[in-house]
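Asks: Below is one structure. I have some questions about it.
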Amino acid sequence: MSAATLTAPEAGSSTVSEVRNWKTPVMLAVLAVAALLVFAIGAPSNNVTFRLTAESDPIVLPAIVVSAPVTGWICAVVLLAAAAWSFLRVRAGRPVPGWLLAVFAVFFVAGFLTWVVGSARTPNLALYGLLAGSVTLAVPLIFGSLSGVLCERSGVINIAIEGQLLFGAFAAAIAGSLSGSAFVGLLAAVIAGVMVSAVLAVFSIKYIVNQVIVGVVLNVLVSGLTGFLFSTVMSADSATWNSPPRLAPISIPVLSDIPVIGPILFEQSIVGYLMYIAVAVIYVGLYHTKWGLRTRAVGEHPKAADTVGVKVNRTRFTNVLLAGAVAGLGGAFFTLVLVSSFGRDMTAGQGYIALAALIFGRWNPLGAFFAALLFGFATNLQSVLSFLGTPVPNQFLAMLPYVVTIFAVAGLVGKSRAPASNGIPYIKG
Amino acid sequence: MSNEQKHERQLSRSAAHGDEVRLEAAAELGDGTQAPPAVPAGAQSGELRPELRESQTVLQKIMTGNALVAVLAVIMSLFLGGLLIAFTDERVANSASYFFARPSDMLGAAWTAASDAYLALFQGSVFNWEGESFSRMVYPLTQTLTVATPLICAGLGVALAFRAGLFNIGAQGQIIIGATLAAWVGFSWHLPVGLHLLLVIIAGIIGGALWAGIVGLLKAKTGAHEVILTIMLNYVALNLVLYLLTTPAFQRPGSSNPISPQLDETARYPLLFGEGFRLHWGFIVAILATVLVWWLLNRSTIGFELRAVGANPTAARTAGISVTKGYVTVMVIAGALAGLAGVAQVAGTEGVLTSGVAASFGFDAITVALLGRSTPWGTFAAGLLFGAFRAGGVTMQTATGTSIDIVLVVQSLIVLFIAAPPLVRSVFRLPEPGALRGRRNRKPATAGGAA
């Protein structure tokens, strides 16, 4: 039996990697051919304008004007070349390098943007607004996926991100309204996230209930609970219960005037700045501290960690609670920054998207950060483009982030591997 | 016990990974607890269990297996839900201000608030004693069955995937696509009675099976995580149907709303008890589907292979079972079942296709399957229970003003408590017959590498 279990992961991964070797080139080829047909052959004949700064900005950069067919053809050729090269690499038995995927992604997005904006009624896109809006939409996703990283790196599957976000948003709204202080709201959101996490931890670590089950059920529970209290308490007297103060953006002088990246990095609300801090702290903590090493050990091989004296279940418990605190902050973003009132089920599945971002980002805080940004970008692109009036039906643009994810997890992620003991409870002995 | 079952047990004993094993281990915990108060903890031992299990029929399992824990879990959940109702009730809040002067006032008000809500729930889901005629009195029960129909079908799909170790969150999307195809056949083709309904059902099955088949295929070929794939495909399906409902092929002529034409009469499920009731033949189909899934899981080779894959993919592969084929097969069947739920909606209850055709049945189906412990008849029973909550919740909301969201709270608490029998036992101070044995049982499933 021990032999069977020892060889299990190896047998599994070897077959998977054999399959994976070819799936990336195939996926790239499919996308490249699609790009050729749509961006190049189907390109509109006009010029496309990308504005980098608003006219009221302190520093005004000239707009970029490109010809849609020329850009389309360039992108398609580069994409086809990249796909062909990845085929050759795999044929030679070598992996497709990560930078190639990055180049592919950049040219694909450039080609797509040129094509879709070129076909719009007004072929003129405010790139700065698109990027800034993407970051705003990505903030809760980033907090959510960081929560997932903390949990899953220690070996507890966190499907309850959605519930943590929603309960955080709810608590922030109530506490913020009652106290009149956004900071009290922020604190309440953290506590609420920890509460959801505590239930997850108790049930999955103490009572060894299947972690996916607890997560799914917690999401339903929080949805029902907040929905119930929303319709009974909050809507009855929304002035008292549901009008939290907003956290205004704080712009850092000079730095926030830098074109394009200034508003993204230096003109955020406190929650936005906290997001950048959280990404950095969790990344450094996970890979460069004692705590991080223990967390990863517990998630990969709890028995080994236990043998050297790490308290497996206690580490998991702390990590899950910490994850709740992080997700709670993300929830507060909804009610204290984005809109200033709570609405029924207002997180609208963002927790699940955060989960996808986490897997897409290979259980790495930085990876999750960029994956979440991608989702924010795709979501914001949809609203910006529907405003421009593109020929593509709005519903298809709305599908975009989800289709991208499917392509990503199926073909481009590469060797995405969950922590080995993810979802497996640890029973000493 | 057949050889097959023995083999399967060995497989699951040696399992190191796979959620289903843990589920089963948890389920077995409950198996031994048929009458914990009557049987002293020491009198039960692990060795007794196989014989016990052998003599149990499926029906007995449902009736006795986890019965006590299940009943107590429901009571606990209803109690907590009642507290929530009471705390948010205005009369309770008013009487709370003079609680120390006359505590009975507040307690009375709290009791009235909670019991009124639950009585209305019962009245709206099982039996209405205020009805004028017998048919009015049992009308709520038929409503429950109507709501339960899609829940059961989709729940079976989720349960089946669960047994193969796949977490199918995509019932929502599968219902939508199944319903879309079924509705399209229903309103754009005009065929004779019988044939038309048959084709509608087949179209729904194909729609759901295709949508879930994509997941199975991608999972098998690329190793993509099925949770992500199903979640994403839910959104894609929703947007797809939203788009289709703006196209001339699907949109009702002369309407600017995203709603399809009415399905032909020949494409609709006949009503079971005539015009007075909404219950349709879809419910009979749901019962047949349950029987089919039971047969598939417990009596067929496919089912055996699926369970083997779910219990331990590596062992299954070693035993010569194609795991990739298993994933595709189970997702296709699961999707077909969810598609049936879509058919029940468009050809039965609703009669038209809207973007809200799946309501939240796809997500409720997950809790239904979890509550039913992924067994066919357990899922059936759980579907009935949740159908009752849903049907009764509507009445409750109109009669007492209690928000229907309380139903979600109670439902999720039930699943949570049932999944953790030790918690329920400790709350009710029950002896823990499974404690020792449960540990031993669980070990191979969860810490198998230790041996």
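The values are calculated or read from the model by the stated rules, or taken from the named source; none is laboratory data. Since the structure is predicted, the reported quantities are computational estimates derived from the model, not experimental observations. Every residue, glycine among them, receives a Cβ derived from its backbone with ideal geometry; neighbour counts consider all protein chains shown.
Asks: Go through segment A:404-429 residue by residue and tally those that are at pLDDT 70 or above, of a type outside the set (S, T, N, Q) and not in a helix (DSSP H, G or I).
Replies: Residues that pass the stated criteria total 10.
Asks: Please work out if A:F377 is surrounded by 20 or more Cβ atoms within 10 Å (Cβ to Cβ) and part of a helix (DSSP H, G or I).
Replies: Yes: the conditions hold for A:F377.
Asks: Out of segment A:385-402, which residues are hydrophobic (A, V, I, L, M, F, W, C) and modelled with pLDDT under 85?
Replies: Residues satisfying the conditions are A:L385, A:F387, A:L388, A:V392, A:L397, A:A398, A:L400.
Asks: Turning to a different aspect of this structure: Which condition number does B:A289 fail, the rest of (1) hydrophobic (A, V, I, L, M, F, W, C); (2) within 14 Å of another protein chain (Cβ to nearest Cβ); (3) more than 29 Å from B:Q251 (Cβ to Cβ) being met?
Replies: (2)
Asks: Quick check on this structure: which one of A:L146, A:L187 is touching a residue at least 40 places away in the same chain (Cβ under 8 Å) and not small (G, A, S)?
Replies: Being touching a residue at least 40 places away in the same chain (Cβ under 8 Å) and not small (G, A, S) holds for just one of A:L146, A:L187, which is A:L146.
Asks: When only residues in segment A:1-28 that are out of contact with any Ser or Thr (no Cβ under 8 Å at 6 or more places or on another chain) and modelled with pLDDT of 80 or more count, which is farthest from A:A102 (Cα to Cα)?
Replies: So the residue we want is A:V26.
Asks: Identify all residues within segment A:359-369 that are of a type outside the set (G, A, S) and either within 14 Å of chain B (Cβ to nearest Cβ) or assigned to a helix (DSSP H, G or I) (or both); write none if there are none.
Replies: A:I359, A:F360, A:R362, A:W363, A:P365, A:L366, A:F369
Asks: Out of A:V212, A:V217, which single residue is at pLDDT below 95 and surrounded by fewer than 24 Cβ atoms within 10 Å (Cβ to Cβ)?
Replies: Residue meeting the stated conditions: A:V212.
Asks: Search segment B:250-261 for residues being surrounded by fewer than 21 Cβ atoms within 10 Å (Cβ to Cβ) and touching a helix residue (DSSP H, G or I) at 6+ places or on another chain (Cβ under 7 Å), and hand back the single one that is farthest from the other protein chains (Cβ to nearest Cβ).
Replies: Restricting to residues being surrounded by fewer than 21 Cβ atoms within 10 Å (Cβ to Cβ) and touching a helix residue (DSSP H, G or I) at 6+ places or on another chain (Cβ under 7 Å), the top hit is B:P261.
Asks: Take residues that are of a type in the set (S, T, N, Q), buried (at least 20 other Cβ atoms within 10 Å of the Cβ) and not assigned by TED's automatic domain parsing to the domain that holds A:A54 and tell me which of the helices (runs of 4 or more DSSP H) falling wholly in segment A:239-345 contain 1 or more.
Replies: A:290-300, A:312-332
Asks: Is it true that some residue in segment B:229-236 is free of Cβ contacts under 8 Å to residues at least 60 places away in the same chain, under 29 Å from B:G310 (Cβ atoms) and assigned to a loop (DSSP other than H, G, I, E, B)?
Replies: Checked against the condition, which is being free of Cβ contacts under 8 Å to residues at least 60 places away in the same chain, under 29 Å from B:G310 (Cβ atoms) and assigned to a loop (DSSP other than H, G, I, E, B), segment B:229-236 yields no hits at all.
Asks: Right, here's the next one. Residue check: is B:G165 over 28 Å from B:G372 (Cα atoms), buried (at least 24 other Cβ atoms within 10 Å of the Cβ) and touching an Asp or Glu at 6+ places or on another chain (Cβ under 7 Å)?
Replies: no
Asks: Which residue out of A:A372, A:A356, A:A398 is more than 9 Å from chain B (Cβ to nearest Cβ) and either closer than 18 Å to A:W115 by Cα or not β-branched (V, I, T) (or both)?
Replies: A:A372
Asks: May I ask you to list the residues in segment A:245-268 that are more than 17 Å from A:Y128 (Cα to Cα) and either of a type in the set (V, I, T) or in contact with a Phe, Trp or Tyr (Cβ under 8 Å, 6 or more places away or on another chain) (or both)?
Replies: Once the filter is applied, which keeps residues that are more than 17 Å from A:Y128 (Cα to Cα) and either of a type in the set (V, I, T) or in contact with a Phe, Trp or Tyr (Cβ under 8 Å, 6 or more places away or on another chain) (or both), segment A:245-268 yields A:I250, A:I252, A:V254.
Asks: Follow-up. Of all residues in segment A:269-297, count the ones that are among the aliphatic types (A, V, I, L, M) and touching a residue at least 40 places away in the same chain (Cβ under 8 Å).
Replies: Residues flagged as among the aliphatic types (A, V, I, L, M) and touching a residue at least 40 places away in the same chain (Cβ under 8 Å) within segment A:269-297 amount to 8.
Asks: Okay, moving on. Taking segment B:216-225 as the region of interest, how many residues are within 23 Å of A:L28 (Cβ to Cβ) and more than 7 Å from chain A (Cβ to nearest Cβ)?
Replies: The number of residues fulfilling the criteria is 3.
Asks: Is it the case, given these coordinates, that A:I74 is out of contact with any Leu (no Cβ under 7 Å at 6 or more places or on another chain), outside any helix (DSSP H, G or I) and either over 18 Å from A:P391 (Cβ atoms) or not assigned by TED's automatic domain parsing to the domain that holds A:V260 (or both)?
Replies: no
Asks: Here are A:G349, A:G389: which of them is surrounded by fewer than 20 Cβ atoms within 10 Å (Cβ to Cβ), on the phi > 0 side of the Ramachandran plot and within 11 Å of another protein chain (Cβ to nearest Cβ)?
Replies: When all the criteria are applied, what remains is A:G349.
Asks: Can you tell me which residues in segment B:310-367 are of a type in the set (A, V, I, L, M, F, W, C), away from every other protein chain (no Cβ under 12 Å) and not in a helix (DSSP H, G or I)?
Replies: Passing the criteria: B:I321, B:V352, B:L353, B:V357, B:A358, B:A359.
Asks: Criterion first (away from chain B (no Cβ under 14 Å) and over 21 Å from the mean Cα position of the chain (by Cα)) does A:S269 satisfy it?
Replies: So A:S269 does not fit the description; no.
Asks: Let me confirm something: among B:L263, B:L197, which residue is outside any helix (DSSP H, G or I) and aliphatic (A, V, I, L, M)?
Replies: B:L263
Asks: Working carefully through the options B:R425, B:R429, find the one that is assigned to a loop (DSSP other than H, G, I, E, B) and at pLDDT below 85.
Replies: Testing whether each residue is assigned to a loop (DSSP other than H, G, I, E, B) and at pLDDT below 85 leaves just B:R429.
Asks: Could you please give the count of residues in segment B:301-321 that are under 27 Å from B:A344 (Cα atoms) and either charged (D, E, K, R) or modelled with pLDDT of 90 or more (or both)?
Replies: Of the residues in segment B:301-321, 0 are under 27 Å from B:A344 (Cα atoms) and either charged (D, E, K, R) or modelled with pLDDT of 90 or more (or both).
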